[in-house]
């Protein structure tokens, strides 16, 4: 996932300029996140959890 | 030897101000003079506001002279991290993009302190958009650690912690998205509190990552953290995350000690420590035991998901906030923050939601732990302040990789976390210890922090 073509094309699709000098840093960060994501494998029941989502209590009314 | 006015805490200054032994003008002028003399070497402030500070101090002095004393923050000089909006005062968030931004309102957290009589010293240096952990800022220069100016302050509230350590302000307002109050507190030998999410309003702060942002107090003592929290906490209809909870007297339990308090040490926090930090933490555990705490080693397996959940959540939310600027003003970001934000753009909605599933599981893991212990403790971060390196972008990534596993959990769970000095390493640089409480248990957290502070963890008082 952290190859440079993927990074270039994805940013291009978002209309975000690409800086070649930034490429190693983006690769490092993507690699860090992807490596860290492997920790989820230790929790096979993770899909039983509802994701925390922002439910603004100010928007909930009981009229 | 009498401690310099600039190093007295707010709780020490308050009775002197109330009894008119120290005047707000004298105190503020003394602090501003120190900023003029010392800050060129520290770079804690992006925008000092000497004229305004003097005006506010004169007003406070006049009020007190006429018998109108507002309370313990009246006449106390306060620095404000530059990601909090301040009406009529430039608010850069440490960025080039907002270099000329002058807000038309003041953030709630800051306004409450000023309404209590606090004096605005100025806007303090931060990592760009409060989104990094070193405070190496390509636009305003790095803040420098007062313990050794060749070393970083950490960030992103690095200017605030450095100002406290150097006597360039009595109190400071910071913010913490993935450790930004606690990392610089640890690296500068000062105290910082990241409260329960929603206890202090975030209205009027420039967002880093909405669901992980926490405004909080920074100070040179636990008592001062409690004083600040008393004024900063409270419901704010302008912040959708603001909590409806009763007000507490956060100083109420400070002197109760910690006999019988159950403190859990997760095995997770014993891994990957620099050797000096490890030694200091082991000594700290022994000290806490000698104070009567019941120390228990515990296991919270869910902590292993913190780095993923923290980075995926923060980069995703931050990139959403910055999305238009990334398209139109990409060249105006520092390389480290641009790369971080672009990583958020490249991550998927699936990853973000996986991170939120992990986050709920993490909260459950902590809830389970808090059934058996009152407080959880660990080193704030596994390192002390690193010396500046040539490649500051790589250094930011490296520091972040070391610190985030230790600091992200409390941002993800929203649980309160107090960082206190733990001691000095072999090079004379401070290390920090973090105490974590269950949601809204700030009173007990401050009680434990105060008991620890009374052991004088640095071995002396910062006063010169």
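The values are calculated or read from the model by the stated rules, or taken from the named source; none is laboratory data. All figures in this text were calculated on a predicted structure; none of them were measured in a lab. As a convention, Cβ positions derive from the backbone with ideal geometry for all residues, glycine included, and neighbour counts pool all protein chains shown.
A few points about this structure:
- Count of region B:84-105 residues which are assigned to a loop (DSSP other than H, G, I, E, B) and crowded, with 23+ Cβ neighbours inside 10 Å: 6
- Out of B:177, B:120, B:108, one residue alone is within 30 Å of residue B:246 (Cβ to Cβ) and out of contact with any helix residue (DSSP H, G or I) (no Cβ under 7 Å at 6 or more places or on another chain). It is B:108.
- Per the listing B:116, B:131, the residue uniquely within 20 Å of residue B:222 (Cβ to Cβ) and out of contact with any strand residue (DSSP E or B) (no Cβ under 8 Å at 6 or more places or on another chain) is B:116.
- Hey, residue B:281 surrounded by fewer than 20 Cβ atoms within 10 Å (Cβ to Cβ) and more than 10 Å from every other protein chain (Cβ to nearest Cβ) or not: no
- Scanning region B:342-356 for residues that are surrounded by 24 or more Cβ atoms within 10 Å (Cβ to Cβ) and farther than 22 Å from residue B:413 by Cβ yields B:342, B:343.
- So residue B:109, is it touching a residue at least 60 places away in the same chain (Cβ under 8 Å) and more than 18 Å from residue B:228 (Cα to Cα): no
- Residue selected from region B:200-248 under the condition more than 30 Å from residue B:308 (Cα to Cα) and within 14 Å of chain A (Cβ to nearest Cβ), by the criterion surrounded by the most Cβ atoms within 10 Å (Cβ to Cβ): B:236
- Residue B:180 being at pLDDT 95 or above, over 29 Å from residue B:298 (Cα atoms) and surrounded by 24 or more Cβ atoms within 10 Å (Cβ to Cβ): no
- Residue count for region B:1-42, restricted to those that are outside any helix (DSSP H, G or I) and in contact with a strand residue (DSSP E or B) (Cβ under 6 Å, 6 or more places away or on another chain): 0
- Test: residue in region B:320-340 that is in a loop (DSSP other than H, G, I, E, B), under 20 Å from residue B:131 (Cα atoms) and either at the interface with chain A (Cβ under 7 Å from one of its Cβ atoms) or within 22 Å of the chain's Cα centre (by Cα) (or both): no
- Scan of region B:235-274 for residues that are assigned to a helix (DSSP H, G or I) and touching a helix residue (DSSP H, G or I) at 6+ places or on another chain (Cβ under 8 Å), ordered by number: B:254, B:255, B:256, B:268, B:269, B:270
- Complete set of residues in region B:249-269 that are over 24 Å from residue B:454 (Cβ atoms) and within 23 Å of the chain's Cα centre (by Cα): B:266, B:268
- Residues located in region B:290-319, provided they are away from chain A (no Cβ under 11 Å), free of Cβ contacts under 8 Å to residues at least 60 places away in the same chain and out of contact with any strand residue (DSSP E or B) (no Cβ under 7 Å at 6 or more places or on another chain): B:290, B:292
- Complete set of residues in region B:370-414 that are within 12 Å of chain A (Cβ to nearest Cβ), in a loop (DSSP other than H, G, I, E, B) and more than 17 Å from the chain's Cα centre (by Cα): B:391
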